[in-house]
Amino acid sequence: MNDGRDRLRIAVQKSGRLSEASLDLLRRAGLAFRASRDKLFLYGENLPVDVLLVRDDDIPGLLVEGSCELGIVGRNVLDEQRLAGGEAAAPVALLDLGFGGCRLAIAVPDGGTIESIGDLAGLRIATSYPALLADWLRAQRIEAEVVLLAGSVEIAPRLGKAHAICDLVSSGATLAANQLRELTTVLRSEAVLAASPRPRGAAATQLVERLGARIAGALSGAG
Ligand code: PRP
Ligand code: ZN
Ligand code: MG
């Protein structure tokens, strides 16, 4: 609805922890969809609202540039964007969604020599959340090197790219599968409904409000 579109776009994680619950919530909010052939797009059949299926970490950028008006994303991803990109351009969190609970944690190889957070001094830590990690390290007064990886952060220690990682932990299965153990929690997070900071026209504003109210209704069991 920015750039002359006449349909609203909502960005949802394509495959991952938030995908199922996000689509389920939109269905409970009363949206009906039909999948595009490439499965990257869900066409809204009963409202002028389409779902874009993307990497969760790309959602803040899509909201900031106005390619999507709404998104469902972990609060930590928004916090990272705010720290890295500045308050002015940051997406706006509208609603806590009550799913996708997880923590951003520091994890280290099982049976290794890192036993306390002080032991991280001088080491390399791999993460997809460099601003959140740097912020935490500063607060803890630990000087360590932040190694940015876009994905598969959990294999960095085995590859010798880093001594430790800072990544999201939900069930703990990813850490266990990679012989890593949690050292400490950096930040807790859950899924939020977020909106683009870009100004929108009257029709889009009305649709965002209507959708927000329906989602809030679904969350409180009224939907
Ligand atoms: C996070 C994290 C792990 C996984 C941890 O990925 O990077 O891959 O979830 O969950 P677990 O403790 O239940 O195993 P995310 O959902 O951000 O997807 P992405 O890595 O594709 O961005
Ligand atoms: Zn992610
Ligand atoms: Mg991951």
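The values are calculated or read from the model by the stated rules, or taken from the named source; none is laboratory data. Note that this is a predicted model, so its numbers are computed, not measured. Note that each Cβ is placed from the backbone with ideal geometry, even for glycine, and that neighbours are counted across all protein chains shown.
Listed values, structure above:
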quantity	calculated
Some residue of the range 1-13 being free of Cβ contacts under 8 Å to residues at least 12 places away in the same chain, surrounded by fewer than 17 Cβ atoms within 10 Å (Cβ to Cβ) and in contact with a Lys or Arg (Cβ under 7 Å, 6 or more places away or on another chain)	no
Long-range neighbours under 7 Å by Cβ, at least six apart or interchain, first residue closer than 26 Å to Trp136 by Cβ within the range 185-210, second basic (Lys, Arg) and assigned to a strand (DSSP E or B)	Thr185/Arg103; Leu187/Arg103; Arg188/Arg103; Ser189/Arg103
Residue in the range 76-92 that is among the small types (Gly, Ala, Ser), away from ligand 1 (no atom under 14 Å from the Cβ), in contact with a Ser or Thr (Cβ under 6 Å, 6 or more places away or on another chain) and touching a residue at least 40 places away in the same chain (Cβ under 8 Å) present	no
Failed criterion for Arg34 (all others in (1) within 24 Å of Leu207 (Cβ to Cβ); (2) within 21 Å of the chain's Cα centre (by Cα); (3) in a strand (DSSP E or B); (4) not polar (S, T, N, Q) hold)	(2)
Condition broken by Ala177, with the remaining ones in (1) of a type in the set (Gly, Ala, Ser); (2) without any contact (Cβ under 8 Å) to a residue 24 or more places away in the chain; (3) away from ligand 3 (no atom under 16 Å from the Cβ); (4) farther than 18 Å from Glu80 by Cα satisfied	(3)
Residue in the range 118-157 that is surrounded by the fewest Cβ atoms within 10 Å (Cβ to Cβ), counting only those that are more than 25 Å from the chain's Cα centre (by Cα) and assigned to a helix (DSSP H, G or I)	Gly118
Residue satisfying all of: in the range 160-183; assigned to a strand (DSSP E or B) and among the β-branched types (Val, Ile, Thr); nearest to Phe99 (Cα to Cα) among these	Val169
From the options Ala93, Ala88, Ala107, residue that is assigned by TED's automatic domain parsing to the domain that holds Asp167 and either closer than 25 Å to Thr185 by Cβ or not in a strand (DSSP E or B) (or both)	Ala107
Hits in the range 58-70 - residues which are within 14 Å of ligand 1 (Cβ to nearest atom) and in contact with a helix residue (DSSP H, G or I) (Cβ under 6 Å, 6 or more places away or on another chain)	Pro60
Sole exception among (1) in a helix (DSSP H, G or I); (2) over 30 Å from Gly221 (Cβ atoms) for Ala21, by number	(2)
Conditions (1) under 17 Å from the mean Cα position of the chain (by Cα); (2) closer than 16 Å to Glu182 by Cβ; number of the one not met by Phe99	(2)
Residues within the range 184-208 that are away from ligand 3 (no atom under 16 Å from the Cβ), within 22 Å of the chain's Cα centre (by Cα) and not in a loop (DSSP other than H, G, I, E, B), tallied	8
Positions within the range 1-57 being basic (Lys, Arg) and at pLDDT 90 or above, in sequence order	Arg7, Arg9, Lys14, Arg17, Arg27, Arg28, Arg34, Arg55
